[in-house]
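Q: Could you have a look at this structure, given as structure tokens, before my questions?
The values are calculated or read from the model by the stated rules, or taken from the named source; none is laboratory data. Nothing here was measured: the structure is a model prediction, and the numbers come from that model. All Cβ positions, glycine included, derive from the backbone under ideal geometry; neighbour counts span all protein chains shown.
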Amino acid sequence: MTQTATLTRAEALRAATHDAHERLDRTIMAAKPFDSVENYGRFAAMQYSLHHHTAPLYARADLADHIADLPALSRFSAVTQDLADLGVALPDPGAPVGDLPLPEALGWLYVIEGSNLGAAFLLKAAQKLGLSEDHGARHLAGAPEGRAAHWRAFKAGLDGAPLAPEDEARVIAGAVAAFDHARGLAQRCFA
Ligand code: HEM
């Protein structure tokens with residue numbers, strides 16, 4: 001038995017995307033997004049493009065079958081409002097994510113929902129710029145029940161979706177594609 005066979009789906013995703021997360025984190029932080037409100041605006045524009053791209057996932061009935069309150073989890077309207085707060089023009093966000101099969105869609109959703117965990121740290125940094133959950137940094141706010149509780153509930157839904165064993169690799173491929181997409185957006189927004 002390989003080691004991954006003993007991991008939950010969420011644990012396997014975390015392990016498989018660790019390096020992709022590091023690369024994205026480094027790409028974003030290299031642009032010093034928390035050094036000024038102007039730099040933060042570029043980060044918010046990147047987040048807008050990412051949440052625009054992935055917004056269709058939150059309207060999918062097949063994902064909502066597994067993830068509780070899925071439509072309410074979308075942070076797209078929050079980040080749209082953040083750009084308005086900051087006076088940043090909406091960037092051309094590109095095309096929304098295509099009609100992904102369920103395994104890949106679960107991997108993408110893992111990445112977008114997981115980003116709200118790290119957002120605790122990002123919100124603290126944004127607050128030092130005078131931004132808040134009510135102005136400019138709405139999309140970094142935690143879930144009403146708390147970030148950790150929300151993440152546990154999300155992972156339970158993710159882990160509970162029944163998939164064929166051979167589809168597990170497709171969940172991971174979806175997550176890796178999501179991280180790559182986010183890094184491409186970061187490179188464009190910070191260029
Ligand atoms: C500079 C920007 C970022 C920093 C500093 C950062 C930092 C972090 C930190 C510290 C955690 C762990 C939180 C915890 O365990 O309590 C985390 C988790 C996570 N972040 Fe980020 N993050 C950043 C950007 C992003 C972005 C843009 C995405 C997605 C597009 C993302 C996706 C994730 C995911 C999926 C997890 C959950 C990992 C798991 O436990 O399974 N992060 N991040």
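Q: Of the conditions (1) closer than 14 Å to residue 75 by Cα; (2) not in a helix (DSSP H, G or I), residue 113 fails just one. Which one is it?
A: (2)
Quick grid of which residues meet (1) near the ligand (Cβ under 10 Å from one of its atoms); (2) buried (at least 18 other Cβ atoms within 10 Å of the Cβ); (3) within 17 Å of residue 190 (Cβ to Cβ):
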{"position": "26", "(1), (2), (3)": "yes, no, yes"}
{"position": "34", "(1), (2), (3)": "yes, yes, yes"}
{"position": "38", "(1), (2), (3)": "no, no, yes"}
{"position": "46", "(1), (2), (3)": "yes, yes, yes"}
{"position": "50", "(1), (2), (3)": "yes, yes, yes"}
{"position": "56", "(1), (2), (3)": "no, no, no"}
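Q: Can you name the residue in the stretch 138-166 that is among the aliphatic types (A, V, I, L, M) and part of a helix (DSSP H, G or I) and, of all such residues, is nearest to residue 74 (Cα to Cα)?
A: Within the stretch 138-166, the subset among the aliphatic types (A, V, I, L, M) is 140-141, 143, 148-149, 153, 156, 158, 161, 163-164.
Subsequent filtering for residues that are part of a helix (DSSP H, G or I) retains 140, 148-149, 153, 156, 158.
Values: 140: 12, 148: 17, 149: 17, 153: 15, 156: 18, 158: 16 Å.
Top of the filtered list is 140.
Q: Do you know which of the residues in the stretch 69-93 that are under 17 Å from the mean Cα position of the chain (by Cα) and outside any helix (DSSP H, G or I) is farthest from the ligand (Cβ to nearest atom)?
A: 69
Q: From the set of residues in the stretch 13-32 that are in contact (Cβ under 8 Å) with a residue 60 or more places away in the chain and over 17 Å from the mean Cα position of the chain (by Cα), which is farthest from residue 84 (Cα to Cα)?
A: 30
Q: Does any residue in the stretch 147-170 that is farther than 12 Å from residue 110 by Cα come within less than 6 Å, Cβ to Cβ, of a residue that is surrounded by 16 or more Cβ atoms within 10 Å (Cβ to Cβ) and modelled with pLDDT under 95 six or more places away or on a different chain, and which pairs are these?
A: 150/143
Q: Pick from 105, 45, 31: which is touching a Lys or Arg at 6+ places or on another chain (Cβ under 8 Å), over 29 Å from residue 153 (Cβ atoms) and among the small types (Gly, Ala, Ser)? Steps first, please.
A: Details: 105 fails: over 29 Å from residue 153 (Cβ atoms); 45 fails: touching a Lys or Arg at 6+ places or on another chain (Cβ under 8 Å).
That would be 31, the only listed residue that is touching a Lys or Arg at 6+ places or on another chain (Cβ under 8 Å), over 29 Å from residue 153 (Cβ atoms) and among the small types (Gly, Ala, Ser).
Q: For residue 17, work out the one condition from (1) among the hydroxyl-bearing types (Ser, Thr, Tyr); (2) touching a helix residue (DSSP H, G or I) at 6+ places or on another chain (Cβ under 6 Å); (3) modelled with pLDDT under 95 it doesn't fulfil.
A: Single failed check for residue 17: (3).
Q: Could you list, in sequence order, all residues of the stretch 94-110 that are over 13 Å from the mean Cα position of the chain (by Cα) and small (Gly, Ala, Ser)?
A: 94, 95, 98
Q: Determine whether the stretch 128-137 contains at least one residue that is farther than 18 Å from residue 74 by Cβ and either within 14 Å of the chain's Cα centre (by Cα) or of a type in the set (S, T, N, Q) (or both). Let's see the steps before the verdict.
A: Step one: filter the stretch 128-137 for residues farther than 18 Å from residue 74 by Cβ, giving 128-132, 134-136.
From what is left, the residues that are either within 14 Å of the chain's Cα centre (by Cα) or of a type in the set (S, T, N, Q) (or both) are 132.
Within the stretch 128-137, one or more residues are farther than 18 Å from residue 74 by Cβ and either within 14 Å of the chain's Cα centre (by Cα) or of a type in the set (S, T, N, Q) (or both).
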